[in-house]
Each structure stands twice: as structure tokens, then as C-alpha cells.
1. Which of the peptides 186-192, 167-173, 391-397, 13-19 is most tightly packed, and how do the rest follow, judged by the mean count of other Cβ atoms within 10 Å per residue?
2. How large a share of the accessible area of the stretch 307-379, in percent, is made up of carbon and sulfur atoms when the probe is 1.4 Å and the other protein chains stay in place?
3. Looking only at the stretch 26-271, where both bridge partners belong to it, what percent of the DSSP beta bridges are antiparallel (to the nearest 5)?
4. How large is the charge dipole for the chain, taken about the Cα centre, if only the Cβ atoms of Lys, Arg (+1) and Asp, Glu (-1) carry charge, to the nearest 20 debye?
5. Around Glu13, what is the net charge, scoring Lys/Arg as +1 and Asp/Glu as -1 over all other residues with Cβ under 15 Å from its Cβ?
6. Dipole of the stretch 198-252, Cα-centred, from +1 at each Lys and Arg C-beta and -1 at each Asp and Glu C-beta, to the nearest 20 debye?
7. Evaluate the distance, in nm, between pseudo-label points positioned 7 Å from the Cα of Asp323 and of Gln397 along their respective Cα→Cβ axes.
8. Please compute, over every Cα-Cα pair in the chain, the percentage with a separation greater than 30 angstrom.
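The values are calculated or read from the model by the stated rules, or taken from the named source; none is laboratory data. Computed from a predicted model, the values in this text were never measured in an experiment. Cβ placement follows ideal geometry from the backbone for every residue including glycine, while neighbour counts extend to all protein chains displayed. The area values use the complete protein model at the heavy-atom level, side chains included, leaving out ligands, DNA and RNA. Shrake-Rupley method; radii C 1.70, N 1.55, O 1.52, S 1.80 Å.
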Amino acid sequence: MSQAQAASAAVTEVPLLDLKGQYAPLRAEIEAVMKEVCDSQTFILGPKVEALEGEIAAYSNAAHGVGTSSGTDALLLALMALGIGPGDEVITTPFTFFATAGVVSRLGARPVFCDIDPDTCNLDPAAVAAFIREHCSSESGQLVNKDSGGRVRVLMPVHLYGQCADMTPLMTLAREHGLRVVEDAAQAIGAEDSNGQRAGSIGDVGCFSFFPSKNLGAFGDAGMCVTNDAELAEKMKILRVHGGERRYYHSAVGGNFRLDALQAAIISVKLKHLEQWSAERQQHAKYYDERFAELGPSVKTPGVRDGCRHIYNQYTIRVPDRDSLKQYLTDKHIGCAIYYPVPLHLQECFKELGYREGDLPESEAAANAVLSLPVYPELSTAQQDYVVDSISDYLRQ
Ligand SMILES: *Cc1c(COP(=O)(O)O)cnc(C)c1O
């Protein structure tokens, strides 16, 4: 038995994520800032939130940050600030978390789904171009969906699993057709596109989630919009407080999308460690890549576009017979998950959009084959070996 095999033999379980392991070394610092907020008795927005807005904007290479109550609310707020409503359409990917398209429908607008690149699982610019070419016309500068009569106004790519969608051609399409761009960067804080641009800073608005299981997680729900457009930032700040620029005087109908001071203070502490955590996730991904290469072609490792900085919110493999591998790993106490089992165009709540099985074959194939493995920063090599050895055993049985 090699040393590595001996070490992995001693491991008997690997969780999908280990937040306690991340918290332990930060406990004193986090408790101190929480105490500060408690002593201040200032809980909503305020200086801690403003500080975090500046830090996240700087980290993302964007000019402005607008803290929100969740990643979902960040997406909703971005679309509200762009004036999206009934009769409008938003082009996005069906292979994402529900919120991406949910916020579109909540505003009375219509999500339009285009297929993904099977290598990265991100929105395929060629599919977007084909949709525009085959289904849209331009009427006095406004892109119109000829099938529905809707105004196509926004392109909303998702940086799935921590890798940027292929933004250069997507931005070109958006410019050519007068579309605004909202980046769903909920899984991708610190990721960079192939030209070095940071996730969230490329389109009109970038939206982050600080849900506890994201790479930068709060102790509850939290999110943020970043933008380089001062006017949009101002609009979002007003809509975040019920559209009241002055308290009790409402220029627009907004909502309560505010971020808490406690969450902001905690995220600020954690942000200082994010670069290190991302580097560790990248090392784990590299190690998986190397070890899975030994197993031959049955395990397809994540595709990374040239020059991109992937921050591995998820390390997602594709395997045939995925459901039985998932069961096998679960029996071995290895945490793994399917992101996502049902593409959004086939969700019951979107039946009225009229999509059918077979309409977006790459998304449907991915939904049947993907499996995300533990890749959190604190993961040990022995734990990774246990994961890979277990998959290897499964394939050989
Ligand atoms: C997590 C996530 C969201 C929603 O964020 P919440 O903070 O949970 O509301 C939106 N889009 C994607 C792609 C996500 O992964």
C-alpha cells in the first residue's frame, strides 16, 4: 500500500462542504465584529454595509456596490433598476439555480432559454446568436421576439460553478442588439474571464450571493450588486429602500432588499481570506484533474476555457450512470450533489413558456450527467484520495 492509499484508507467520510472547519480559525475575529455591531445597535445598512460595498466593488474591479438581502434580491433589484417588466424578455441559461429565471417571471417578464456549451455548462454564445438570428427582428432599434411579440431587453449569463460565461462574444451580441447585461455571478466572486475581467464587472450589473454555502458565505442570507454605472447604482440604492430616496417620499415602487450590518461585518472578515480559499480550491481541482486523468475517459473533468480564472464554487464531473455513482458515494459517506437535476425550461412552473423535452439538448444532457464533488478549501489530500479511489472502485466493479 502506498502512503497515499494508507492515508485515504483512514478516511471514512468526506462532507460536501465543511463550514465548521472554515469558522474555527476565524471565530475570535468574527465574534469581535459581531460584538461591535451589537454594541452599536445599528443593524440595517449603515457603516458596516457601506464598508463592505466598497470592499466587494474593489475586489470585483467595479466602481459601485449595493448590498442586498440575498443573491436572488440582487438579481431582482438589477432587473428592476433596468426597468424590466411585462412585455420584456430576458435571455438566459436554463442550466442554473432557479432564482436566475424566477426573478424574471416575478417582474412579469419572460425568460428566454438558450442552450449551454457542454464543456463548461455555461450559456453558449452561438446558441444566443442563433436565437436572435432565427427568432428575432429589430424594430426601430428594439430587438423583438417574433414568436411572442416580446421586447428582448436583457442578456443574463450565469457564471456557473465559478467560471465566467464566455463574455466577449456575449457582450458583442448585447452591444449589437441593444441588450443590457446582468451577470448572475452568485457562484463566481473573484472569477476572471479569459481577458482578465472580473466576474460582475463586465456587464451593466453583476450580482453576488453570500448564501452560507457560496465561496464567500455570510451567516444567513446576503447578496450584492456591483456596477460601473453610477446612475444604475443610485437607482438600485433607492429601489432597495422601497423607492424612497427621502424617507416616506416614494419616486418608484421598490422593495425591502437591504443588507444587515451583522452580515456585512462577517463577510468583511471572511473576504480577507477569499484569495487564499480560492487558491486552495484551485489546487484541489488540479489534483482531482490529475487523478481522474488516470482513470481514463469515463470521468469527464470540468472544462476550463483558456485563460479563465475558475474559482470552483463547484468541482463538477460528468459521468454516465450518474445516479448510481451518486448512491455509491453516498453509501461511502462522500458528500456529492446534482446542480441541477431539472433544467429550468422543463420546470412545471414554466410550462406556459411552451418548452418541451428535447428543445435544449445540451442542458438536458448535462442535467442527467453532472455530479459535484467536495472541493472546499479545508479538504485534505487524503480526503480527495478517498473520493477518487471510491469512484475508481465504482468504475471497476
Ligand atoms: C445561489 C444562487 C443564486 C441565489 O442566491 P441566494 O443568495 O440564495 O438568493 C442565484 N443564482 C445562482 C446561479 C446561484 O447559485
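1. Most protected by this proxy first, the peptides run 186-192, 167-173, 13-19, 391-397.
2. The C+S portion of the solvent-accessible surface of the stretch 307-379 is 46 percent.
3. Beta bridges within the stretch 26-271, antiparallel portion: roughly 55 percent.
4. In total the dipole reaches around 680 debye.
5. -3
6. 180
7. 1.7
8. It works out to 42 percent of all Cα pairs.
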